[in-house]
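Here is the structure we will look at, set down as structure tokens.
The values are calculated or read from the model by the stated rules, or taken from the named source; none is laboratory data. Since we're looking at a predicted model, the values are computed, not measured. In this analysis, Cβ positions are derived from the backbone assuming ideal geometry, glycine residues included, and neighbour counts consider all displayed protein chains. The protein model used for the area step is the full one, side chains on, heavy atoms only, and it has no ligands, DNA or RNA in it. Shrake-Rupley method; radii C 1.70, N 1.55, O 1.52, S 1.80 Å.
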Amino acid sequence: MSFDPEKEVTVLWRSLHGAQDEIGRTYYRWRKAALELAGPGVSTLQAGLKAAEVIGEEIGRGLLPRLNWLKGEEAWLASLAGAIAANWTNQGALVKVEPGKSGAEAQICWTRCPWPTFAKEYGAPMEEDVQCCDHILQTLLRDVNLFFNVEYRIETQKAIPRGQGACVRRLYKAEKREA
Amino acid sequence: MSTLLFAWDYSSYPGARKYPHLFKPIQLGGLTIPNRIKYAATEDNFNDHEGFVTEADVAYMRARAEGVAGGLCFMQGVYMDEGRQGQGYVGQAAAWDDKYIPGLKRLAEAIHAERAVAGYQLMHCGRVGAVEVERCQAPSFVPQRLRVFKPVEAMTKEDIKACVRQHAEATRRGIEAGFDVFEISGIVGYLVSNFVSSYTNRRTDEYGGDIRGRMRFAVEVIQACKQVCGSDHPLGIRLCAEELLPDVRGNTPEESMRSYQIAEEAGVDYISVTAGWQESIVPVISRDVPMGSWLHLAKRAKEHVRVPVQMAYRLFRPELPNDAIGRGELDMWEMCRSMIADPLMPKKVLEGREEDIRHCVACNLCLARLFRDAPMTCYINPRCAHEHDARFAPQPAEERKQVMVVGAGPAGLECAYVAARRGHEVQVYDRRPEVGGTLNEAARAPYGDEELLTCRDFQKAQCEKAGVELRLGVDVTPELIAKEQPDVVVLATGPVYARGRGKGFDRGNVVNVLDVLAGRAAVGERVVVWGNRKPGIGVALLLAKQGKKVTLVGRDRSAGFDVNPSFKWRYLIYLRQNKVTAYNDCDIEEVGDGEVLVRTYDGYRFPVKCDSVVVTERVANNALKDAVHAEGIQLYVIGDALMPRNLSSAVHDGHRIGLRV
């Protein structure tokens, strides 16, 4: 059989990178369209945060059938953190999950992320990139918390767009609020 | 003093002697039911989208009423609110206004016309409702796990009180319509079950908290309905014995049994035992769950309550409920899908005609249709949903014809007995020495596929009774057709197994799926199965369970394109569990030595190591068509010979042509 693995992988690899690039560009094309339609009085940050809310809700709902309490809370948290990491990995980021100080905590660390590059390319402020990313994560946790009747939070400790070399976020269990 | 609506004497029937526990009376509240049979309330989507009962539903119910042979026959659950938040199915019957009473009355009369006891169910679909409106109601706001369901709105106390009143008013309408027995549906994710479950009830008021608090809504509904029913009309409830929601922290089995006891205290006259929710990740009623698997739940219920206990759930064989009743572990045998597949199923049991039963194959197509807003149909029963349609009732043939059916598989046999019953002279030919066609091999796939053989056995019995002549072990040739000169030829020859477009498909390690399933062909330890539809999945799972390393390669975008979604999810899980790698949207470009070259739909290629390739891809079978045309004989092509599909298509094709020929 005539098969050149290097050639096949090379072409496939290029296609993957092309698809990842299109994800970022599509977002910023829509952002541009939304801002033009909204007119000059609209804050670009507010528009970005609204988009982040929609994206976070969608990702959160998509996680509900995948998360499972059967193996206990620690395993559940690990799969939640892993799912968040996988979402960004698919877009071209390098993300790893590390255990936190307790079983009810995980550290998610982005050592590479394509989004600040896109922000720069399309002239979006770096701080908007940080806040939108953070808002996606906060929003996705909303339905997850409600569904599993838990109270997990995520906080951004470092961010690449702030020049800190990596994005580091702490996912942890907070005290349950009364309904 | 107990009332008997219709007297039935079963003493002369063979089934009553064989299954004595099924055909003895039982008392539900103040009513005596002549036997232990119940057609359980089943949504069918046959009704008007405004909730009015249709001719199709009346005819469907009347057929099931005949089937219960004097037992209980329940219409589908009605929704009770004008705002339609309780409506879970587009064709669900409504009872929120007196204008619905005439239609409901027609259903009660149809059931009574068969001397059966008419049952009426109240069903607010809660978290899985609001099929026609934007938001569904539930005790608390808990997001939906399945996207098919609407966003949730938490009920206020005023909403709860109104809902209780609606139950009572709908009960009054049921009584005015003439129904005898009443039932509250509290199962699978409907409103009552939402209140009962710790998963969906997070309330901190008197309707939440511990199991007694979570049962408060159910208790109020029971008491309100009971007040309307009085002592003349028994009231039951369907409740989960196990929600099967441990992954989202649903009720424990102990809490569920406690809910039974609280319902009994509140005054119900019986409890119908159920298992699982629509959101459960555990299979409950599909073919991969062995029959009788859930009987322990009825036994457990009997240990906790004194009122009669009823249950359905994979009790497709009469000996299962008969023996359970005999052991004191169950009181009534409920059926849904068994009587969708054969409305007269229990009646045939009574009459000692079990060979005439068309058994449900537990594929859940009926459910898959409901969830997609389509009228229910049955995979195996072509007449289901057409009970009101004269075109589906066999009419005597105007002219007796000699019909040659080529192929004794499910399409051919179905066509043969239907045509023979209409008066035609039918011969069925097959080169195999036995009937059943490829079903004989297909039934060897794991996870319950042996139940598919009930179709073959039923069709064989019907052919024999209808006088169909079986000519087995005969290869039909153009010469034979020319010699016999039948009036009609029906080609039900099954598919032709495709030869791949790539190189190497003529190698010795390329084998046919039927040979592998039948054990006639040996395969190596690493196997590539070509074709990702049901035949491919079946053989892949069989080989994987034998310990082989199996890779599935198929052209469809996802495996199981020909399997209905209510069963397909099971296969996808089994493929993962058995470590079968699936390359969908792919084809085999070349079969080589110790490997195949797989090509994705858009041209990428990669090698997969394998010792054997199993061919399951099929194409239409054009053999004999020219020969029939050449003789000027009327020709029909059915089943996989026409277009490779599934068992259901074969049966439905055969039935339709049997009616038409």
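Can you tell me which residue in segment B:431-476 is farthest from B:Pro644 (Cα to Cα), limited to those that are without any contact (Cβ under 8 Å) to a residue 60 or more places away in the chain and over 31 Å from the mean Cα position of the chain (by Cα)?
B:Glu469
Could you please give the count of residues in segment B:599-618 that are assigned to a strand (DSSP E or B) and either facing chain A (nearest Cβ under 10 Å) or open to solvent by 20 Å² or more (accessible area, probe 1.4 Å) (or both)?
Result for segment B:599-618: 7.
Within segment A:138-172, how many residues turn out to be assigned to a strand (DSSP E or B), in contact with a Gly (Cβ under 9 Å, 6 or more places away or on another chain) and either at the interface with another protein chain (Cβ under 10 Å from one of its Cβ atoms) or crowded, with 16+ Cβ neighbours inside 10 Å (or both)?
2
Looking at B:Gly560, B:Gly538 in this structure, which one is away from every other protein chain (no Cβ under 14 Å), surrounded by 20 or more Cβ atoms within 10 Å (Cβ to Cβ) and assigned to a helix (DSSP H, G or I)?
Result: B:Gly538 is the single residue among B:Gly560, B:Gly538 that is away from every other protein chain (no Cβ under 14 Å), surrounded by 20 or more Cβ atoms within 10 Å (Cβ to Cβ) and assigned to a helix (DSSP H, G or I).
Select from segment B:129-144 the residues that are of a type in the set (A, V, I, L, M, F, W, C) and either in contact (Cβ under 8 Å) with a residue 60 or more places away in the chain or within 14 Å of another protein chain (Cβ to nearest Cβ) (or both) and write down the one among them that is surrounded by the most Cβ atoms within 10 Å (Cβ to Cβ).
Ranking the candidates gives B:Ala138 first.
Starting from residues that are in contact (Cβ under 8 Å) with a residue 60 or more places away in the chain, part of a helix (DSSP H, G or I) and hydrophobic (A, V, I, L, M, F, W, C), keep the ones in segment A:124-137 and report whichever is surrounded by the fewest Cβ atoms within 10 Å (Cβ to Cβ).
Selected residue: A:Leu137.
Which of the residues belonging to segment B:577-598 are away from chain A (no Cβ under 14 Å) and β-branched (Val, Ile, Thr)?
Of everything in segment B:577-598, those that are away from chain A (no Cβ under 14 Å) and β-branched (Val, Ile, Thr) turn out to be B:Val580, B:Thr581.
Test each condition in (1) farther than 30 Å from B:Ser280 by Cα; (2) within 13 Å of another protein chain (Cβ to nearest Cβ) for A:Asp21 and report the one that comes out false.
(2)
Out of segment B:177-217, which residues are acidic (Asp, Glu) and not in a loop (DSSP other than H, G, I, E, B)?
B:Glu183
Hey, any hits in segment B:55-63 for a residue that's on the phi < 0 side of the Ramachandran plot and not in a helix (DSSP H, G or I)?
no
What are the residues in segment B:178-199 that are over 27 Å from the mean Cα position of the chain (by Cα) and open to solvent by 20 Å² or more (accessible area, probe 1.4 Å), if any?
Result: B:Gly178, B:Ser198.
Looking at (1) under 30 Å from the mean Cα position of the chain (by Cα); (2) open to solvent by 10 Å² or more (accessible area, probe 1.4 Å), can you tell me which one B:Arg202 breaks?
B:Arg202 satisfies all of (1) under 30 Å from the mean Cα position of the chain (by Cα); (2) open to solvent by 10 Å² or more (accessible area, probe 1.4 Å) except (1).
Since B:Val117 meets every condition but one in (1) open to solvent by less than 10 Å² (accessible area, probe 1.4 Å); (2) touching a Phe, Trp or Tyr at 6+ places or on another chain (Cβ under 6 Å), which condition does it not meet?
If we test B:Val117 against (1) open to solvent by less than 10 Å² (accessible area, probe 1.4 Å); (2) touching a Phe, Trp or Tyr at 6+ places or on another chain (Cβ under 6 Å), just (2) comes out false.
Across segment B:243-255, which residue is most open to solvent (accessible area, probe 1.4 Å) among those that are free of Cβ contacts under 8 Å to residues at least 60 places away in the same chain and part of a helix (DSSP H, G or I)?
B:Glu254
Look at B:Ala40 and say whether it is under 15 Å from B:Trp333 (Cα atoms), open to solvent by less than 10 Å² (accessible area, probe 1.4 Å) and more than 19 Å from the chain's Cα centre (by Cα).
When the stated conditions are applied, B:Ala40 does not pass them.
B:Gly236 - would you say it is of a type in the set (Gly, Ala, Ser), more than 14 Å from chain A (Cβ to nearest Cβ), touching a strand residue (DSSP E or B) at 6+ places or on another chain (Cβ under 9 Å) and surrounded by fewer than 19 Cβ atoms within 10 Å (Cβ to Cβ)?
So B:Gly236 fails the test.
How do the pairs read when you match residues in segment B:148-168 that are under 17 Å from B:Phe195 (Cα atoms) and modelled with pLDDT of 95 or more with residues anywhere that are among the basic types (Lys, Arg) and in a helix (DSSP H, G or I), using Cβ under 8 Å and keeping only pairs 6 or more apart or on different chains?
B:Val152/B:Arg127
All but one of (1) open to solvent by 20 Å² or more (accessible area, probe 1.4 Å); (2) more than 14 Å from chain B (Cβ to nearest Cβ); (3) without any contact (Cβ under 8 Å) to a residue 60 or more places away in the chain; (4) in contact with a helix residue (DSSP H, G or I) (Cβ under 9 Å, 6 or more places away or on another chain) hold for A:Trp110; state the number of the condition that does not hold.
Result: A:Trp110 fails condition (1) only.
Return the pairs, sorted by first residue and then second, in which the second residue is surrounded by 14 or more Cβ atoms within 10 Å (Cβ to Cβ) and part of a strand (DSSP E or B), the first residue lies in segment B:588-608 and is touching a residue at least 12 places away in the same chain (Cβ under 8 Å) and on the phi > 0 side of the Ramachandran plot, the beta carbons are less than 9 Å apart, and the residues are 6+ apart or on different chains.
Hits for this filter: B:Gly594/B:Arg526.
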